[in-house]
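Asks: The structure's right below; bear with me while I get my questions together.
The values are calculated or read from the model by the stated rules, or taken from the named source; none is laboratory data. Values in this document were obtained by computation on a predicted structure and should not be read as measured data. Using ideal geometry, Cβ is built from the backbone for each residue, glycine included, and neighbour counts are taken over all protein chains shown.
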Amino acid sequence: MVLYPNLKWNTREVPEKSQINQAFSIQLENYCNLGKCLVIHFCYLHCVVDCRWLYRDSLEIEDFKNKYVFVTGCDTGFGNLLCKKLDRKGFRVLAGCLTEKGADDLKECRALSELSCDVTSQDSIEKAMEWTKQEVGDKGFPQHTESKLNGVIAMTMTFLPLIKQARGRIVNVASVLGRVFAVESFSDCLRHPLLWIKVCIVEPGFFKTAVTSLEPIERELHRLWNQLSPEVKASYGDKYLDNVSTMGRLIMNAVCDSDLTKVTNCMEHALSAAYPRTRYSAVDIALKLVLPRPSKSV
């Protein structure tokens, strides 16, 4: 027999059952050994690719002190925490705040300048643009991060000349409650024609911020409920609104994470990494392996 040279029997005779079992066992062992070799080879390649990707992912740009970042929505939540993190890292932070209280909270930051900026007002955005030109000078605008759905397009298009001048990057927050496809589509459309500008999307998920606060959500529910006709209310029942509010509290308290650094770490990486990712999810940072940082930035 060709496949089993150690097994000798007359091919004209019917082999015994023990011989068939032995031949089958040898063949099965050969297949198992081959499978082990393939698995080991695949695992080795997988580890090599992962290590190269993680090392590349850990590389950072250099000279943070000469990089400007304009951040909107800095009064509370992600924007406020991000400004403080970028300031500690050495960036020159330009913070757009809607209230004086939010601006006062950022006074402790050393390399930070703040101004009043309402991303829903084009006039306010234009004033922020002129103020930014005075702060940055002729260096252009290396990095840019944004928040709020309605202000994303207006802010981006207004600041785009500065971003293009410095070949900077744009970081858009898709939503605090999930994916906003309008923001993602707009970001994808920007990415293709502006090949030298990196456009990143951060998808936070459920976190405890002013947007996910239960009080404004319940006020909106009651406002909508009061607009319904008596007939519609009767069809839902008297306890419907209370049940919805109770269920909402249980869900929000169960799924909302209080650790905002999971999101700001994504934003920080998108701004400081030499090779930022196209999309970020807050859970990625929690699962990411910690590797020694390279000795030299790029």
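Asks: Does segment 264-282 include one or more residues that are of a type in the set (A, V, I, L, M), closer than 29 Å to residue 199 by Cα and at pLDDT below 85?
Replies: Filtering segment 264-282 down to residues of a type in the set (A, V, I, L, M) leaves 267, 270-271, 273-274, 282.
Pick out the ones that are also closer than 29 Å to residue 199 by Cα and you get 267, 270-271, 273-274, 282.
So of that shortlist, the ones also at pLDDT below 85 come out as 282.
Taking every residue of segment 264-282 in turn, at least one turns out to be of a type in the set (A, V, I, L, M), closer than 29 Å to residue 199 by Cα and at pLDDT below 85.
Asks: Tally the residues that are among the hydrophobic types (A, V, I, L, M, F, W, C) and either assigned to a helix (DSSP H, G or I) or outside the structural domain of residue 69 (by the TED database) (or both), restricting the search to segment 86-117.
Replies: The qualifying residues number 2.
Asks: All but one of (1) small (Gly, Ala, Ser); (2) surrounded by fewer than 18 Cβ atoms within 10 Å (Cβ to Cβ); (3) touching a Leu at 6+ places or on another chain (Cβ under 6 Å) hold for residue 95; which doesn't?
Replies: Exception for residue 95: condition (2).
Table: residues versus (1) crowded, with 17+ Cβ neighbours inside 10 Å; (2) of a type outside the set (A, V, I, L, M); (3) under 11 Å from residue 159 (Cβ atoms).
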position: 108; (1), (2), (3): no, yes, no
position: 112; (1), (2), (3): yes, no, no
position: 120; (1), (2), (3): no, yes, no
position: 123; (1), (2), (3): no, yes, no
position: 128; (1), (2), (3): yes, no, yes
position: 132; (1), (2), (3): yes, yes, yes
position: 135; (1), (2), (3): no, yes, no
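Asks: Can you name every residue in segment 246-276 that is more than 30 Å from residue 56 (Cβ to Cβ) and crowded, with 16+ Cβ neighbours inside 10 Å?
Replies: Within segment 246-276, just 256 meets the criteria.
Asks: Test residue 162 against the stated conditions and say whether it is within 30 Å of residue 88 (Cα to Cα) and free of Cβ contacts under 8 Å to residues at least 40 places away in the same chain.
Replies: Spelling it out, residue 162 is indeed within 30 Å of residue 88 (Cα to Cα) and free of Cβ contacts under 8 Å to residues at least 40 places away in the same chain.
Asks: So, in segment 203-239, exactly how many residues are farther than 30 Å from residue 282 by Cβ, hydroxyl-bearing (Ser, Thr, Tyr) and surrounded by 13 or more Cβ atoms within 10 Å (Cβ to Cβ)? Full working, then the answer.
Replies: Let us first name the residues in segment 203-239 that are farther than 30 Å from residue 282 by Cβ, namely 222-223, 225-239.
Pick out the ones that are also hydroxyl-bearing (Ser, Thr, Tyr) and you get 229, 235-236.
Applying the additional criterion that residues be surrounded by 13 or more Cβ atoms within 10 Å (Cβ to Cβ) yields 236.
So the answer is 1.
Asks: Mind listing whichever residues of segment 200-220 are within 29 Å of residue 185 (Cβ to Cβ) and either within 12 Å of the chain's Cα centre (by Cα) or free of Cβ contacts under 8 Å to residues at least 40 places away in the same chain (or both)?
Replies: The answer is 200, 201, 202, 203, 204, 205, 213, 216, 217, 220.
Asks: Would you say residue 94 is at pLDDT 65 or above and within 25 Å of residue 160 (Cβ to Cβ)?
Replies: Details: at pLDDT 65 or above: yes; within 25 Å of residue 160 (Cβ to Cβ): yes.
Here the answer is yes, as residue 94 does meet what is asked.
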